[in-house]
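The values are calculated or read from the model by the stated rules, or taken from the named source; none is laboratory data. Everything numeric here is computed off the predicted structure, so don't read it as measured data. Cβ: placed from backbone, ideal geometry, glycine included. Neighbour counts: every protein chain shown. Side chains included, ligands, DNA and RNA excluded: accessible areas come from the protein's heavy atoms. Shrake-Rupley method; radii C 1.70, N 1.55, O 1.52, S 1.80 Å.
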Number of protein chains: 4
Amino acid sequence: MLVILQPDIRTESPEFDQILKFLNQIPDVRVKLHEVQGTEQTLTEIYLIGNTKALSTEDIQSLPGVERVIRISEEYRILGRHHDERRASGFEYNGVRFDQTNLNIFAGLCAVDTPAHVEQMMKALKAQGQQCTRMGAYKPRTSPYAFQGHGKACLPYVFELAGKYDIKVVAMEVTHESHIDEIRQALQQTGQPTGVMLQIGTRNTQNFELLKAIGRQSDFPILLKRGYGISLNDSLNAAEYLASEGNSNVIFCLRGMKSEAGAPHRNMVDFAHVPVVKRLTRMPVCIDPSHSVGSRDRAPDGILDVLHATAQGIIAGANMVLIDFHPAPPTALVDGPQALLLDELPRFLEDVQLCHETYQKRLSLYQG
Amino acid sequence: MLVILQPDIRTESPEFDQILKFLNQIPDVRVKLHEVQGTEQTLTEIYLIGNTKALSTEDIQSLPGVERVIRISEEYRILGRHHDERRASGFEYNGVRFDQTNLNIFAGLCAVDTPAHVEQMMKALKAQGQQCTRMGAYKPRTSPYAFQGHGKACLPYVFELAGKYDIKVVAMEVTHESHIDEIRQALQQTGQPTGVMLQIGTRNTQNFELLKAIGRQSDFPILLKRGYGISLNDSLNAAEYLASEGNSNVIFCLRGMKSEAGAPHRNMVDFAHVPVVKRLTRMPVCIDPSHSVGSRDRAPDGILDVLHATAQGIIAGANMVLIDFHPAPPTALVDGPQALLLDELPRFLEDVQLCHETYQKRLSLYQG
Amino acid sequence: MLVILQPDIRTESPEFDQILKFLNQIPDVRVKLHEVQGTEQTLTEIYLIGNTKALSTEDIQSLPGVERVIRISEEYRILGRHHDERRASGFEYNGVRFDQTNLNIFAGLCAVDTPAHVEQMMKALKAQGQQCTRMGAYKPRTSPYAFQGHGKACLPYVFELAGKYDIKVVAMEVTHESHIDEIRQALQQTGQPTGVMLQIGTRNTQNFELLKAIGRQSDFPILLKRGYGISLNDSLNAAEYLASEGNSNVIFCLRGMKSEAGAPHRNMVDFAHVPVVKRLTRMPVCIDPSHSVGSRDRAPDGILDVLHATAQGIIAGANMVLIDFHPAPPTALVDGPQALLLDELPRFLEDVQLCHETYQKRLSLYQG
Amino acid sequence: MLVILQPDIRTESPEFDQILKFLNQIPDVRVKLHEVQGTEQTLTEIYLIGNTKALSTEDIQSLPGVERVIRISEEYRILGRHHDERRASGFEYNGVRFDQTNLNIFAGLCAVDTPAHVEQMMKALKAQGQQCTRMGAYKPRTSPYAFQGHGKACLPYVFELAGKYDIKVVAMEVTHESHIDEIRQALQQTGQPTGVMLQIGTRNTQNFELLKAIGRQSDFPILLKRGYGISLNDSLNAAEYLASEGNSNVIFCLRGMKSEAGAPHRNMVDFAHVPVVKRLTRMPVCIDPSHSVGSRDRAPDGILDVLHATAQGIIAGANMVLIDFHPAPPTALVDGPQALLLDELPRFLEDVQLCHETYQKRLSLYQG
């Protein structure tokens, strides 16, 4: 059971004391506090864990200072929406807002290769007024004999260049808990020129020890990719590992599912789940059209499949797009063939804008 | 190999004679004629079947009357695009145009139950200026003990009511070749008040005998649903069974794939394949959001998942939408829970229009 | 609800009259008779269809002549086991017994090509004392341009040769209801030299019109292959279409499922479902290792994967094996690469025998 | 390219020097040594990495001391069989031999709960002459709110009890590299009473950082479970991460694949891949029937599905069985419903023995 307090109730107030006193005397129930940082205010939520079936929501709702009471299921206890559409979602990080209503684009390099390519990418982004990017330093590869990314060696120049071109958030995959420290140190060394969003890849969606380690830090928000061979439910439960350790600044990323049915695409594009993730949880929803589609194939209408997939995610309300660009795809060390070119960036952003505006018109149509 | 003649070359012309003479003397190659009925003119195509590897396309291309020559693969020989984006696609039926660039909506009853419901549906469609619908008379059901549709008994009133409300095309599933005659007879009895598009369901996608029987008739165009447990390639090959028997007025319908990965949706929505089907074949592409999603679940943004899925198909260039409506879903005999309500029709059509316009703007963005 | 009569109760007996009288007066319940032909006697079963929830099984069980009463679910009403392990299963056809306890081998040609090959196959089978075979005359192929089988043209010589070499049952796929008549006529023309088991392929598992047509005849028993892209439950429901039309002499065939997880095998071998089909239904269970595995790959232990798969089916109690042999695989028109050679037949049969004996020892181990 | 030296060639011999000298002067090729510990002798293998296409195998083969030369692919470079059926496979650990020809049974507790249950299990195993077991201390669970195992707290009594009952090898899942040290310390504290096989679960099959950490230690052999949503090829590549870091004492475990097609079993049983893993790699192959089947459902023949699945694995040559037992399944904290009972152990082992003997008879049949 979840007790949401009125926005003005601080933990030092007498109402709070009284509520806590009342809740603490309930037998077989453990009380756990959770602070939700919104844009304008901090909300306090109180989880009642244990045998809550017999409790009356009315009794608790009538306590002074309580806004409302929601019965929640075990599944995704913290991140879940639990049929309450009014609950706050999202967070702000390094000046950028992430929630279930807005849209951020993370165009960038799947794998960092050279400082020159990183700079070309950042420059192109700045020219288009972008403030986020993706940069892969640690690359988990199917074969141990494949290129595994430049790792911490590239972090300093990636962060400096991000700072130089006013990039506020760099999404970056980590595959081991030690990478968090490496990133933190590189940011300190370079004077915190940018922010980082820690990305957990599809092979690690159920690497619970990594999730717990990342969930224990609160410096960086987290982008969790859906596991490509497990149910949506299992992937959402994995996100809850992050939240249960303390960090609920989590974005959930759809990236396609392994399936013969998806061919000739690399994966079966799963963006019809954008509204589903929003209904089941309070996480903003990201789409990754590059890894879902995995090619630069083009329809006879002249539009790349990867751009059609992007449009499909956005028209249904996606909140973030992770997409591969590269200044020279044939020289890319990882996933070059699916990357967009720098000169395709402006039109890509125009397309994105067009689809997002249409999504908003659809919203007014149905909500009006 | 495919030899496309210039539009003005009739089969009775001397150029035609000369071309045929030339082609017929090639050893190990069989010559087959194929007429393509376009909106304004009839094109003649000549297939060269057999050992064509050694032939020079230039030699044939230089014959008087030949427009161009395309090397084609065995796969979807007739319906395939074979990397030629200029080839004609689509057809006109009963005054309605179907091709890879326009959009037609087929809202209607998954299963016909009562004349009253059919009439309410038709009336609502006419009020919105619609000229197509879907009406299920023959229903293949997983269990032999489930309702199997009213069959031929309902055809007369369905067709009469279609005529009364100016519906030009009724999409209707057939599961046995005898149904074609039943439909033909009912249309005759009622004075041809409407047209029918024969629909082949997902359980019959590889029922090759049914495909051949339907392919042999040319009265009705065909809507072939993708098989829900086979590769896209196998489904497209199934379409070729229709064409190889003579009827290439075929629309291909995406309707979701069976996969645990699709839950909580009934199927894994596969509309990212809209551009793929257009690239591989010349068939117009239909989407069936009702059976793909299979519920009336709604996102916190107030929009039903089934409407988000529809928008996703259209934003990527879908040419036809097959969607379940019902005047009283709780009384529907088949798939009631997923049906839209009649009063949702106007907004649905407005949403469709909005997304289609956005698709067209995207087209100009990339083609401009 | 199912009322099983005592074995000696004939439909002309006074007890039968009395039972029927009693059952017919129950409101909202329809009574349907079903005769089960066992090896030694004919059992009469009475299905009560409709609102049977309120009925007392004790009341009906106490009627003279009633042996026992079973509550059955809607699913696979006739073929289902309904948790009753004592119910009769299986049937005899042309002198060969098929049930859930014995084992029959159907080695033969996937596709009939020449009379010489058919004869070589039949001769080899007779030399090994075999009385069943498989012979494909009608071949459903993914592409319309692939070889589709010799059809009815080959039936006379196939049947004559079967007779010549004392083959009692030929399993043969049919893809259209007209094939039943073609087979019946060819048998008549050639003087009924053998028997035929009608086989329904995986692409037609949910071709309900074909199932109904085949279910309506009682001349031939039926082998239904599992649908390769649908749930086991859906495939078992498809079998019920046959029984609900009157023919419950049905064998269910596992043949692997389409899945990327099965590679490098052609399909994901599903023989772990042998005991499941026996638990859920009363059908004997066939395995098709050739199409499941789809190659002649061999383990380092010197045994072909297809033979390992066969052993796996039999060790778990499979009742029939459908397996491809060919006198000259490289010349086979369909699926040559997976066929076994004629000189591999004796050892194959010895292996089968060894595994079946081990299965029987396992039975005594657990039942002892 | 792989150069296998004659068994008597030690690294301090002059032949070895000469070979190395020859190989080191080849341009663009890196030389890497690999010691293979067999039962009786140590083999030395030399990998040539880089541009080896132009090299002549004959030239190298003719060097004194070289036994033979194999061209190997990038895929599973060390663990792969590379079409060479003579290569050594397997290893010995704590007095127990593991290879592609023998069979070891690991019956035990999925999750350790109480010392009493651990002792009952060990006692039962000793009574049956068993020397291996499975004991789960660290349990990765889908939900963060589920029981996660007793962790290091239970290790001392588990190891002491193993020692008391002469168990030589305990298979134990680890989910974080720190668990290796915890296990090592607990073994030291308790005086090394037993051995441990480190098990990597299906959710961590592509947790490459964990694989690398485990591959770097050589104290313990490794059991790697197949990833349940990835291709067999990807799972075998994951095993190579272990070997590439130095530890090639790896057993590969089939445990079923996630698939709707597997229902009513928990997973789609994949034991038809036993011969495939042996053909592609030199790893011994383990089967896990408990997690594949996931229930105690029983066929009408009186044998549990999980025992049929076990028999299927063994009849095809499986080398190890991981199976859940529990003294009191209803009180088990994890996966109780699928566990076998202690009094089922003797018959289970008898069944296993029977099937393994039959496998060996099959071997002589085909090799004879």
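Of note:
- In segment D:181-273, one over the average inverse separation of all distinct C-alpha pairs is 14.2 Å, which is the Kirkwood hydrodynamic radius.
- Å² of accessible area per residue within segment C:253-368, as computed with a 1.4 Å probe and no ligands counted: 26 Å²
- Helix axis angle, C:305-315 relative to chain C longest principal axis, alpha carbon, degrees: 30 degrees
- FRET efficiency, 1/(1 + (r/R0)^6) with R0 60 Å, evaluated for C:GLU12 and A:ARG71 via beta carbons: 0.40
- Contact residues in segment A:312-343 (at least 10 Å² less accessible area with all protein chains than alone, 1.4 Å probe): A:GLN312, A:ILE315, A:ALA316.
- For A:GLY50, residues with placed amide H under 5 Å, excluding near neighbours: A:ARG30
- Free-standing Cys, chain D [no other Cys Cβ under 4.7 Å]: D:CYS110, D:CYS132, D:CYS154, D:CYS355
- Average other protein chain Cβ within 10 Å of Cβ, residues B:231-242: 4
- Computed over chain B, relative contact order equals 15 percent, with contacts defined as Cα pairs under 8 Å that lie 6+ residues apart.
- Candidates B:PRO140, B:PRO264, B:PRO156: whichever shows maximal mean-square fluctuation once chain B is modelled as a Gaussian network with Cα springs under 10 Å: B:PRO264
- Per residue of peptide A:145-151, the mean number of Cβ atoms on other chains within 10 Å of the residue Cβ is 2.
- Fraction of accessible area attributable to carbon and sulfur, the protein assembly as shown (%, probe 1.4 Å): 47 percent
- A Förster radius of 51 Å, combined with the Cβ-Cβ distance separating C:GLN360 from D:TYR145, puts the computed FRET efficiency at roughly 0.60.
- Heavy-atom accessible area per residue - segment B:173-220, 1.4 Å, Å²: 32 Å²
- Highest-fluctuation residue, C:PRO289, C:PRO327, C:PRO300 considered, GNM on chain C with Cα pairs under 10 Å: C:PRO300
- Available extension along the chain between B:SER178 and B:ARG86 is 29.4 nm, counting 0.36 nm per residue and deducting the alpha carbon span.
- GluC sites (Glu not before Pro), loop per DSSP, at most 11 other Cβ atoms within 10 Å - longest free stretch of chain B: B:41-368
- Here the simple spin-label model places points 7 Å from the Cα toward Cβ, and for C:VAL96 and C:THR114 these points are separated by 2.6 nm.
- Of B:LYS123/B:LYS225; B:LYS258/D:LYS212; A:LYS53/C:LYS53; D:LYS152/D:LYS278, those spanning more than 29 Å from alpha-carbon to alpha-carbon: B:LYS258/D:LYS212; A:LYS53/C:LYS53; D:LYS152/D:LYS278
- For segment C:1-133, size of Cβ-based charge dipole, Lys and Arg +1, Asp and Glu -1, in debye: 260 debye
- Taking 0.36 nm per residue of separation and subtracting the Cα-Cα distance, full extension of the segment from C:HIS34 to C:ARG216 would add 64.1 nm.
- Other protein chain Cβ atoms within 10 Å, averaged over every residue that makes up D:354-363: 5
- Reduced Cα scattering model of the protein assembly as shown, Debye log10 I(q)/I(0), q = 0.05, 0.08 Å⁻¹: -0.44, -1.21
- Panel note: the C-alpha atoms of segment B:284-364, placed on their principal axes, show extents of 45, 29, 19 Å (largest first).
- Of every Cα-Cα pair in chain D, the percent that sits beyond 38 Å: 20 percent
- Taking the convex hull of Cα positions in segment B:215-356, its mean projected area over all directions (nm²): 9.5 nm²
- For chain D, the 222 nm mean residue ellipticity estimated from helices alone, with every DSSP H stretch of n ≥ 4 adding -39500 (n - 2.57) and the total spread over all residues, rounds to -9500 deg cm²/dmol.
- Simple spin-label estimate for D:LYS152 and C:SER62 gives 7.0 nm between the two label positions (7 Å along the Cα-to-Cβ direction from each Cα).
- Candidates B:GLY229, B:GLY50, B:GLY294, ranked by Gaussian network fluctuation over chain B, Cα under 10 Å, top entry: B:GLY50
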